[in-house]
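A short reminder: the numbers here are calculations on the coordinates, not readings from a lab. Given the structure is predicted, the values throughout are model-derived calculations rather than measurements. All Cβ positions, even for glycine, are placed from backbone atoms using ideal geometry, and neighbour counts span all protein chains on display.
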Amino acid sequence: MGEAAHGHPALESRIPEGASEEVVAAVTGLYMQGVIGRKGAFSRRWASELREDIDAAFTEALSRPGGAVGRGPKRYYVEIHPEQLRGWLELVDHPWVRMVCESVLGPDYQIVELGFDVPGPGAVNQPWHRDFPMPEDTWANGRLTSLAFNATAVDTEEDMGPFEIAPTTQWDLPDGFEHGMFPPKSGYARYEALAERKYPKMGDISARSALTIHRGTQNRSQKSRPVLVLGVDAPGAGNAEHHSMEVTREFLGTLPQRVRDHIVCPVVSELTPITQKHSIEGLMMGEA
């Protein structure tokens, strides 16, 4: 268990020709470690507005059936539309975000998901997991076909249930993984030995392969730790079908073409409140 898929893929073939040092660092970090970050990518004001918009969307989602989905005790996930987030354009149009997407997923990358996780007081350790089963293109060809960007809405502290990730495990073949996502407990000691806890501050952003084994940890504080999730695919990765993102024609018309080129969701005259469908059954109970 835990063998990498054909070892680490040949990085030379993954780095665009004539790539800058920043591009080389991003591609190398994601292919070798499975996670990278950029401190201070956004202002604290941007992150404060992010918190306000998350709080408003969370309150609305909890007010209706299916508006939020459990990811363990006292832990929720909510998918939202770009127009519910004042800072969405600044997020997806940030030079570092665009660079990472283009370098790893190609020039025709697709924005497929926007949502947030809220681990509240009393949230427990999640089981180690990846967010979806390893695609054939990854185990057969050593290619990453999707990325998850995370932006915190708070300054993360030790007692708030920090995100924990086990670098290099994006290549672990899913031998004995339940639903292709949950490794057996026999592998936990290895993940714990590899694990890095992340303590991002407001304005920081990270990018990871959602295949890199990770978990939320126990929130012993009296504060919630909301974090934004932006999901981006390479063409053909197929994750858009698991999400319900929409944009209105009016909103689309305000976006620069370089952003519109990457929107593949339905364009509508009026947004429909999202009923969550990206439920991960194995996360409902927390770690047994």
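Structure data summary
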quantity: Per-selection Rg to Rh, segment 195-266 - Cα, Kirkwood hydrodynamic radius; calculated: 1.03
quantity: DSSP-loop GluC sites (Glu not before Pro) across segment 1-92, with at most 10 other Cβ within 10 angstrom; calculated: Glu3, Glu17
quantity: Estimated inter-spin distance, Lys39 and Glu158, nm [label 7 Å along Cα→Cβ]; calculated: 1.9 nm
quantity: Gain upon complete extension [Ala56, Glu196; 0.36 nm per residue less C-alpha separation]; calculated: 47.3 nm
quantity: Nonlocal amide H pairs with Ala210, under 5 Å, H built at 1.01 Å; calculated: Ala148
quantity: Alpha carbon centroid spacing (whole Å) that separates segment 68-99 from segment 214-258; calculated: 4 Å
quantity: Other-chain or far-sequence residues with amide H under 5 Å of Val264's (modelled H); calculated: Ile111
quantity: Set of segment 124-157 residues, backbone N closer than 18 Å to the point 7 Å along the Cα-Cβ line of Glu12; calculated: 142-143
quantity: In Hz, Karplus ³J(HN,Hα) per residue of segment 202-216 (6.51, -1.76, 1.60; θ = phi - 60°; x = Gly, Pro); calculated: 4, x, 7, 9, 10, 10, 8, 6, 5, 7, 5, 5, 8, 6, x
quantity: Loop-located trypsin sites (Lys or Arg not before Pro) in segment 30-94 whose Cβ has at most 11 other Cβ within 10 Å (DSSP); calculated: Lys39
quantity: Per-residue [θ]222 nm for the chain (sum of -39500 (n - 2.57) over DSSP H runs n ≥ 4, rounded to 500); calculated: -6500 deg cm²/dmol
quantity: 5 angstrom amide H check on Arg71, placed H, neighbours 5+ away; calculated: Tyr76, Tyr77
quantity: Relative intensity, log₁₀ I(q)/I(0), of segment 54-115 from a Debye sum that treats every alpha carbon as a point, q = 0.13, 0.28, 0.29, 0.30 Å⁻¹; calculated: -0.48, -1.15, -1.19, -1.25
quantity: Dipole moment magnitude, nearest 20 debye, the chain about Cα centre, only Lys, Arg, Asp, Glu C-beta charged; calculated: 680 debye
